[in-house]
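Have a look at the structure below before the remarks.
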């Protein structure tokens, strides 16, 4: 069925089943990746994981105090008390490994998936805004940083200010993704009894919160610059990863597009 608004020939409502209408759906991988990143972050905050980390950290603090006290009264490291302390440090090192391993898994997944969400999003927007040839070259030949920097310019819109906090946080996220995906052994500094490289790799709760926030902020800023709608999944948790839309052939319907 076709109905025309009495006050305007421009407003045409086309209902499902009308000839010439093609119902299509688009997979929003940006939403899929972001939901997975959020899920990884939420898993990292479970009480069990945080309690294990707290217990291992507390035990390490106790051993440090014992070491200081023992050093004050006995510096002969062949003394049985020193040997026992070294054995205890080995034990707490194992505790720290067990406590941090699942957190490292979830934190690294969160960062990588956040970066993947942003890359998927910029590709989706480019596909909808550029012609086929432009979109093909853009998606296949530009890196993620250049994609986000160039797309508003290609569309003749406002450029990014790369000195803004938002773009700097975006740069940090991409740098973190690159560090994790192209991990180099010399980035790993492990000291007996302590895990010191987590902050360097941004494998912390605070950094993951920042990455999740950056995804939404960058998408909102891009929407402002390009005039595209902000996707529902950025404001509604649990949104469908599918986006339905209709493609209408007005000529087939006997309606001439203006």
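The values are calculated or read from the model by the stated rules, or taken from the named source; none is laboratory data. Quick caveat, the model's predicted, so the values are computed rather than measured. Cβ coordinates were reconstructed from backbone atoms using ideal geometry, including for glycine residues, and neighbour counts include every protein chain displayed.
So residue 185 passes all but one of these: (1) within 29 Å of residue 94 (Cβ to Cβ); (2) at pLDDT 85 or above. Which condition number does it fail? Every listed condition holds for residue 185 apart from (2).
The single residue among 201, 173 that is assigned to a loop (DSSP other than H, G, I, E, B), surrounded by 18 or more Cβ atoms within 10 Å (Cβ to Cβ), in contact with a helix residue (DSSP H, G or I) (Cβ under 7 Å, 6 or more places away or on another chain) and at pLDDT 85 or above turns out to be 201.
The residue that is surrounded by the fewest Cβ atoms within 10 Å (Cβ to Cβ), among those in the range 43-59 that are at pLDDT 85 or above and under 18 Å from residue 202 (Cβ atoms), is 45. Residues that are in a loop (DSSP other than H, G, I, E, B), free of Cβ contacts under 8 Å to residues at least 40 places away in the same chain and surrounded by 13 or more Cβ atoms within 10 Å (Cβ to Cβ) within the range 139-161 comprise just one, 142.
Just to be sure, is residue 107 part of a helix (DSSP H, G or I) and buried (at least 18 other Cβ atoms within 10 Å of the Cβ)? Here the answer is yes, as residue 107 does meet what is asked. Annotation: of all residues in the range 229-245 being surrounded by fewer than 16 Cβ atoms within 10 Å (Cβ to Cβ) and at pLDDT 80 or above, the one that is farthest from the chain's Cα centre (by Cα) is 229. Regarding residue 101, is this residue free of Cβ contacts under 8 Å to residues at least 24 places away in the same chain, outside the structural domain of residue 210 (by TED's automatic domain parsing) and within 25 Å of residue 208 (Cβ to Cβ)? Taking the combined requirement at face value, the residue satisfies it. Residue 26 falls short of the stated requirement of being surrounded by 12 or more Cβ atoms within 10 Å (Cβ to Cβ), in contact with a helix residue (DSSP H, G or I) (Cβ under 6 Å, 6 or more places away or on another chain), outside any loop (DSSP other than H, G, I, E, B) and in contact (Cβ under 8 Å) with a residue 24 or more places away in the chain.
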